[in-house]
């Protein structure tokens, strides 16, 4: 296929997708104004533990960058569980690589009636290596935990965005 045909095909695909209302859900910076209004009404409850604080901050930054809403219409509660599993084990039984798994069970509730509006589970796995330096290994483990929390936070934000889109539609 020559270059002109490829360009024409790409242009036709872009025009047809824009005409059908296609919006890339995973694109960066594409939170519609209507979703921002809904996200701005979500109060993220405290999540215990270091990972809980990191995840809550991730959710607050992603959904309510203007600050915690005072009269929120929704409450988001999250329960975390995490595991660490040896992945690469040498013949002398020394573990040289771990998988860190962070699982979050979340519930979005109506702030007035306390009715569960949406719930689900988000999970992320981050791997890290064990090195000769104890500090290096601890840094790698903490980095894996932070990566997992960021991934779980983004997953929850996307799922809540889908919930709001399906229930109310975008107010663009």
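So for the stretch 161-170 (the condition being modelled with pLDDT under 95, surrounded by 15 or more Cβ atoms within 10 Å (Cβ to Cβ), over 22 Å from the mean Cα position of the chain (by Cα) and farther than 23 Å from residue 47 by Cβ), does at least one residue qualify?
So in the stretch 161-170, the residues modelled with pLDDT under 95 come out as 161-170.
Pick out the ones that are also surrounded by 15 or more Cβ atoms within 10 Å (Cβ to Cβ) and you get 161, 163-165, 170.
Subsequent filtering for residues that are over 22 Å from the mean Cα position of the chain (by Cα) retains none.
No: the stretch 161-170 contains no residue that is modelled with pLDDT under 95, surrounded by 15 or more Cβ atoms within 10 Å (Cβ to Cβ), over 22 Å from the mean Cα position of the chain (by Cα) and farther than 23 Å from residue 47 by Cβ.
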Can you name the condition, by its number, that residue 45 falls short on among (1) at pLDDT below 80; (2) surrounded by fewer than 16 Cβ atoms within 10 Å (Cβ to Cβ)?
-> (1)
Would you mind stating whether residue 103 is surrounded by fewer than 14 Cβ atoms within 10 Å (Cβ to Cβ), in contact with a strand residue (DSSP E or B) (Cβ under 9 Å, 6 or more places away or on another chain), free of Cβ contacts under 8 Å to residues at least 60 places away in the same chain and not in a helix (DSSP H, G or I)?
-> no
Taking residue 91 as meeting all but one of (1) loosely packed, with under 12 Cβ neighbours inside 10 Å; (2) modelled with pLDDT of 80 or more, write down the number of the exception.
-> (2)
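Against the condition modelled with pLDDT of 95 or more and buried (at least 17 other Cβ atoms within 10 Å of the Cβ), how does residue 152 come out, does it pass? Let's see the steps before the verdict.
On the way: modelled with pLDDT of 95 or more: yes; buried (at least 17 other Cβ atoms within 10 Å of the Cβ): yes.
So residue 152 fits the description; yes.
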Answer yes if at least one residue in the stretch 55-76 is without any contact (Cβ under 8 Å) to a residue 60 or more places away in the chain, under 30 Å from residue 130 (Cβ atoms), in a helix (DSSP H, G or I) and within 18 Å of the chain's Cα centre (by Cα), and no otherwise.
-> yes
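Would you confirm, using the coordinates I've provided, whether residue 56 is in contact with a helix residue (DSSP H, G or I) (Cβ under 9 Å, 6 or more places away or on another chain), farther than 30 Å from residue 138 by Cα and modelled with pLDDT of 65 or more? Even if it seems obvious, please write down each step before you answer.
On the way: in contact with a helix residue (DSSP H, G or I) (Cβ under 9 Å, 6 or more places away or on another chain): yes; farther than 30 Å from residue 138 by Cα: no; modelled with pLDDT of 65 or more: yes.
Criteria not met by residue 56.
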Within the stretch 112-128, the residues that are touching a helix residue (DSSP H, G or I) at 6+ places or on another chain (Cβ under 6 Å) and under 21 Å from residue 87 (Cβ atoms) are 124, 126, 128
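Considering only the stretch 115-140, state which residues are free of Cβ contacts under 8 Å to residues at least 12 places away in the same chain and either loosely packed, with under 15 Cβ neighbours inside 10 Å or part of a loop (DSSP other than H, G, I, E, B) (or both).
Initially, the stretch 115-140 is screened for residues free of Cβ contacts under 8 Å to residues at least 12 places away in the same chain, giving 115-116, 131-139.
The answer is 115, 116, 131, 132, 133, 134, 135, 136, 138, 139.
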Out of curiosity, is residue 143 touching a strand residue (DSSP E or B) at 6+ places or on another chain (Cβ under 8 Å), exposed (fewer than 14 other Cβ atoms within 10 Å of the Cβ) and without any contact (Cβ under 8 Å) to a residue 60 or more places away in the chain?
-> yes
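The values are calculated or read from the model by the stated rules, or taken from the named source; none is laboratory data. Please read these numbers as outputs of a predicted model, since none were measured by experiment. Cβ coordinates were reconstructed from backbone atoms using ideal geometry, including for glycine residues, and neighbour counts include every protein chain displayed.
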